Amino acid sequence: MEIARAAAGLLMRHGLRATRAEDIARAAGIAPRTFYRYFASKEESLGPLFAAGSQRWAEMVRDAPAHLTVPEALHHAVVQTLTPGVGVRQESLQWVRSLLRLAEESPALLRVWGEACHTAERTLAEVLAARMPGAEVQTAGAPESGDRAPGGHPLPYLELSPELRLSAAVASAAVRVAVEAWAAGDAPATGPAGPVALALRNLGSLRDFPWHAEQATN
């Protein structure tokens, strides 16, 4: 994460083309070979920052009060994750804006962002399975073992039903698109054009989406 923060600082000041992996290593106080033990490229060095933000959203859904419905838990997670001064610092959101703008100019960096979002989506699917009784239905051909894996742990992502994985993908896309849309403009982080308002609007458009467990049958 320290390397990722050093990379972000340099990339925002000097741009992607003018920043080398060796520059990032120097800023982080490590040798270039140490940098390459962690990351294959300068773009990949931003992965921990992207992953931290996207994973936090999924984990906040998990930590939402148990009595909340899935839409309410998603709403709760958005507010707790994207509201400046609540779940994120104002300057962190500006970092997100700057880095996503850089990603739009770099297929390699955009791929790092996409991978972080996809990983968080898989986490969210497992989180939703725990919040939706009966939703942990295994895919066709999987061995019969009930709703939980041995030891009472949630089933791994690939054993969750396609319907449940779709739920996670839809919810994740609603929030990701909101963040990307905000980052592409100049609106402040609060107010009707901020990431929270945009994400809640997107989630609100899904009010008829079948979040309930009955959708997760084979």
- Extent along principal axes [Cα atoms of the stretch 35-90; Å; largest to smallest]: 46, 22, 13
- Using a Förster distance of 25 Å, how high is the FRET efficiency between Val177 and Asp63, based on the Cβ-Cβ distance and rounded to 0.05? 0.60
- Taking +1 at the Cβ of each Lys and Arg and -1 at the Cβ of each Asp and Glu, which of Tyr157, Thr19, Trp182 sits farthest along the dipole of the chain towards its positive end, judged by Cα position relative to the Cα centre? Thr19
- Query: Against the longest alpha carbon principal axis of the chain, how many degrees, from 0 to 90 and to the nearest 10, is the axis of helix 90-104 turned?
  - Reply: 80 degrees
- With all protein chains present, how much of the accessible area of the chain (probe radius 1.4 Å) comes from carbon and sulfur, to the nearest whole percent? 56 percent
- Note on the structure: So, with points 7 Å from each Cα along the Cβ direction, the Arg17-Glu105 label distance in nm works out to 0.8 nm
- Query: Using 0.36 nm per residue, how much length does the chain from Thr190 to Arg5 gain when fully extended, once their Cα-Cα distance is taken away?
  - Reply: 64.2 nm
- Taking the square root of 5λ for each eigenvalue of the C-alpha gyration tensor of the chain, the equivalent ellipsoid has semi-axes, largest first and in whole angstrom, of 34, 22, 14
- Given labels modelled 7 Å from the Cα in the Cβ direction, how far is it in nm from Leu158 to Glu115? 1.8 nm
- Enumerate by residue number the chymotrypsin sites (Phe, Trp or Tyr not before Pro) in the stretch 31-74 meeting two conditions: DSSP loop (anything except H, G, I, E, B), and at most 12 other Cβ atoms within 10 Å of the site's Cβ. none
- Cα centre as origin, Lys/Arg/Asp/Glu Cβ charges: the chain dipole, Debye: 820 debye
- Contact order relative to length for the chain, counting C-alpha pairs under 8 Å separated by 6 or more residues, stands in percent at 20 percent
- Item | Three-way shape label, the stretch 18-139, alpha-carbon gyration tensor, a/c 1.5 | prolate
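The values are calculated or read from the model by the stated rules, or taken from the named source; none is laboratory data. Only a predicted model underlies this, so the values are computations on that prediction, with no experimental measurement involved. When we count neighbours, we look across all protein chains shown, and the Cβ atoms used for this are built from the backbone with ideal geometry, even at glycine. To get the accessible areas, we keep the full protein, side chains included, count just its heavy atoms, and leave off ligands, DNA and RNA. Shrake-Rupley method; radii C 1.70, N 1.55, O 1.52, S 1.80 Å.
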